[in-house]
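The next block holds one structure in the form of structure tokens; read it before the comments.
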Amino acid sequence: MISFTDYLRLLPKAELHCHFVSVMRPGRLVELAAKNDVLLKSTDVDELLDYDNLVDFLDVFNAAHEVLVSPDDFATVAYEGVLDAVEAGNLRYREYYVNPFNFLSRGISYETLIDSISQGLAQAETDFGVGFRLIPAINRSHSAQSAVELVELVSAHPHEKVVGIGMDDLTPEGLEEPLRFREAYELAGRRGLKRTAHAGETMAASAQNVIDAIETLGCDRVDHGYRIVDDPALLRRALDSGVPFACTPLSTRVLSGWAFDDQHRIARMVRAGLPVSLSTDDAVFFRTDIGLEYTAALPSMGFAASDASQIALTGFDAAWCSPEEKARLLADAAAGIRALDAALDNPALHTPAKEPTK
Ligand SMILES: [Zn+2]
């Protein structure tokens, strides 16, 4: 017999919204900084990851890029990131945002970057059976032209594990502005790349940003997307599109201060019928892991075992791997969920949550 918390932790999981440097162990960050002469504000992990403000956070975030120098550095971080997520939450598949321009500026070529990360992840796939794909990310603090250059770079160097484009950061004004990158997204579509965008996350964002990502940028998936529930008509359009959402509960608590209850926007998205999966976004920086995203968020949002297993399956369903790999992952996940359902100690937790209080 297992508890509901164990059930949530042990659910087979696919993570679709994960920025590569954020899978780095805090101890590895300190060690690589020493090896590669990068100055950190502290070598004490707790102090290092305790931010007073955004500038403080960005200092550490940028340092996490700078400490990665040799191909071995990338491969080691990639490998350990999988091992940790398997232990923390039974990770079975993951897609990673990788920002080439953050490394190109330090003389690390796109091919070296992709090959080094892929090597570590391929070794982890051999050892733990966790599949992966890579998604180069548009840095929104750079220009729209730079986003077009990123798409050109990606399509000039095809790689079997690189399947689409996504985003990170915010515009220099601190905004999302999906339409600023329209040309890059249209080009990606013509080049046969899948598309996802961070939209509807920040205080200044709106449901319209989410619809712009789906209908104008042609996104196959949306990251965050929370503001979509603020507008019933646009929510209807998102539902009709069938586009899945990769949501990150812990980051909403850290960045937006949203409590985990049945009125949380993620809870409302799930109840509205949107295909929602859960991810960590920036695990090391938000001090989370893929198990915690489920165990901390779902019970307090009012979800039962059947809701949680559906969310887990949505992650596999929305993945950008090959149809054969997806079919295998889904079959394995379904078998794992059947075993967990049988082992759950409280049958009441198998049933969907009651209608939430309005
Ligand atoms: Zn993100």
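Name the single residue that is surrounded by the fewest Cβ atoms within 10 Å (Cβ to Cβ) among those in region 140-153 being more than 21 Å from residue 211 (Cβ to Cβ) and without any contact (Cβ under 8 Å) to a residue 40 or more places away in the chain.
Going residue by residue through region 140-153, those that are more than 21 Å from residue 211 (Cβ to Cβ) are 141-143, 145-146, 148-153.
Those still in the list that are without any contact (Cβ under 8 Å) to a residue 40 or more places away in the chain too: 141, 143, 145, 148-149, 152.
On the way: 141: 13, 143: 14, 145: 10, 148: 18, 149: 16, 152: 14.
So the residue we want is 145.
Go through 162, 210 for me and flag whichever is within 15 Å of the ligand (Cβ to nearest atom) and within 21 Å of the chain's Cα centre (by Cα). Break it down stepwise before answering.
Values: 162 fails: within 15 Å of the ligand (Cβ to nearest atom).
Result of the check over 162, 210: 210.
Given the residues 175, 187, which is the only one that is modelled with pLDDT of 95 or more and either assigned to a loop (DSSP other than H, G, I, E, B) or away from the ligand (no atom under 16 Å from the Cβ) (or both)?
Numbers: 175 fails: modelled with pLDDT of 95 or more.
None of the others qualify; the one that does is 187.
Residue 192 is checked against (1) closer than 20 Å to residue 143 by Cα; (2) away from the ligand (no atom under 16 Å from the Cβ); (3) surrounded by fewer than 24 Cβ atoms within 10 Å (Cβ to Cβ) and fails just one. What number does that condition carry?
(1)
Please specify each residue of region 277-302 satisfying the condition of being open to solvent by 20 Å² or more (accessible area, probe 1.4 Å) and more than 16 Å from the ligand (Cβ to nearest atom).
The answer is 292, 295, 296, 299, 300, 302.
For (1) closer than 18 Å to residue 320 by Cβ; (2) away from the ligand (no atom under 16 Å from the Cβ), each residue gets a yes or a no:
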{"position": "221", "(1), (2)": "yes, no"}
{"position": "227", "(1), (2)": "no, no"}
{"position": "242", "(1), (2)": "yes, yes"}
{"position": "253", "(1), (2)": "no, no"}
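Could you pull out the residue among 29, 91 that is away from the ligand (no atom under 16 Å from the Cβ), closer than 30 Å to residue 335 by Cβ, at pLDDT 95 or above and in contact with a helix residue (DSSP H, G or I) (Cβ under 7 Å, 6 or more places away or on another chain)? Reasoning before the result, please.
Values: 29 fails: closer than 30 Å to residue 335 by Cβ.
Residue meeting the stated conditions: 91.
Do you know which residues across region 290-305 are out of contact with any Pro (no Cβ under 6 Å at 6 or more places or on another chain) and either closer than 16 Å to residue 246 by Cβ or part of a helix (DSSP H, G or I) (or both)?
Scanning region 290-305 gives 290, 291, 292, 294, 295, 296, 298, 305.
Quick grid of which residues meet (1) among the basic types (Lys, Arg); (2) under 26 Å from residue 133 (Cα atoms):
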residue: 25; (1), (2): yes, yes
residue: 45; (1), (2): no, no
residue: 72; (1), (2): no, yes
residue: 91; (1), (2): no, yes
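List the number of the failed condition for residue 127; all other conditions in (1) open to solvent by 40 Å² or more (accessible area, probe 1.4 Å); (2) assigned to a strand (DSSP E or B); (3) of a type in the set (D, E, K, R) hold.
Unmet for residue 127, out of (1) open to solvent by 40 Å² or more (accessible area, probe 1.4 Å); (2) assigned to a strand (DSSP E or B); (3) of a type in the set (D, E, K, R): (2).
Can residue 49 be described as closer than 17 Å to residue 250 by Cβ, open to solvent by less than 20 Å² (accessible area, probe 1.4 Å) and away from the ligand (no atom under 16 Å from the Cβ)? Outline the logic, then answer.
Details: closer than 17 Å to residue 250 by Cβ: yes; open to solvent by less than 20 Å² (accessible area, probe 1.4 Å): yes; away from the ligand (no atom under 16 Å from the Cβ): yes.
Here the answer is yes, as residue 49 does meet what is asked.
Of all the helices (runs of 4 or more DSSP H) wholly in region 213-287, which have at least 1 residues that are modelled with pLDDT of 95 or more? Can you show your working first?
Working: elements: 232-241, 249-255, 265-272, 283-286.
Output list reads 232-241, 249-255, 265-272.
The values are calculated or read from the model by the stated rules, or taken from the named source; none is laboratory data. Model, not experiment: these values are computed from the prediction. Positions of Cβ are backbone-derived with ideal geometry, glycine not excepted, and every protein chain shown enters the neighbour counts. In case anyone asks, the SASA skips ligands and DNA or RNA and just uses the protein heavy atoms, side chains included. Shrake-Rupley method; radii C 1.70, N 1.55, O 1.52, S 1.80 Å.
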